[in-house]
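For reference, the structure is listed below as structure tokens.
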Amino acid sequence: MNFLQKVKKNILNEYFNSIFFNYYYLVSEYNSAQICGLVWNANVIAYRCKTCSISPCMSICAPCFQNGNHEGHNYNMFKSQAGGACDCGDSSVMHEFG
């Protein structure tokens, strides 16, 4: 893959991620569920908060992380390699204060 193809691929990934999260925000305004459950593909930014987690595999989407109170917590941001699902609100993998 040449340089121009790599740039084009990165721009398209960012564009589709932007569309995806805009759609997510729109739909979430009408969702009253306590568990997020958002499912994402590879190359999406997500978070793991070790302070809030019960399971080391717990991950949360960027919107849930930003809307949560993780100030002073031990967390990391990562780019998903294969996809995942948001565990926000799932008390089987997260403490309720998370």
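The values are calculated or read from the model by the stated rules, or taken from the named source; none is laboratory data. It should be emphasised that the depicted structure is a prediction, and the values quoted were computed from it without experimental measurement. All Cβ positions, glycine included, derive from the backbone under ideal geometry; neighbour counts span all protein chains shown.
Residues in the stretch 45-68 that are of a type in the set (Ser, Thr, Tyr) and either over 20 Å from residue 20 (Cβ atoms) or touching a helix residue (DSSP H, G or I) at 6+ places or on another chain (Cβ under 7 Å) (or both): 47, 51, 53, 55. When the stretch 24-67 is filtered for residues that are at pLDDT 75 or above and part of a helix (DSSP H, G or I), the ones remaining, listed by number, are 62, 63, 64, 65, 66, 67.
Among the residues of the stretch 31-75, the one identified as touching a strand residue (DSSP E or B) at 6+ places or on another chain (Cβ under 6 Å), crowded, with 17+ Cβ neighbours inside 10 Å and among the β-branched types (Val, Ile, Thr) is 60.
Residues that are closer than 19 Å to residue 19 by Cα and either of a type in the set (S, T, N, Q) or part of a loop (DSSP other than H, G, I, E, B) (or both) do occur in the stretch 69-81, at least one of them.
Do we have any residue at all in the stretch 88-95 that's under 9 Å from the mean Cα position of the chain (by Cα) and outside any loop (DSSP other than H, G, I, E, B)? For the stretch 88-95, residues under 9 Å from the mean Cα position of the chain (by Cα) and outside any loop (DSSP other than H, G, I, E, B): absent.
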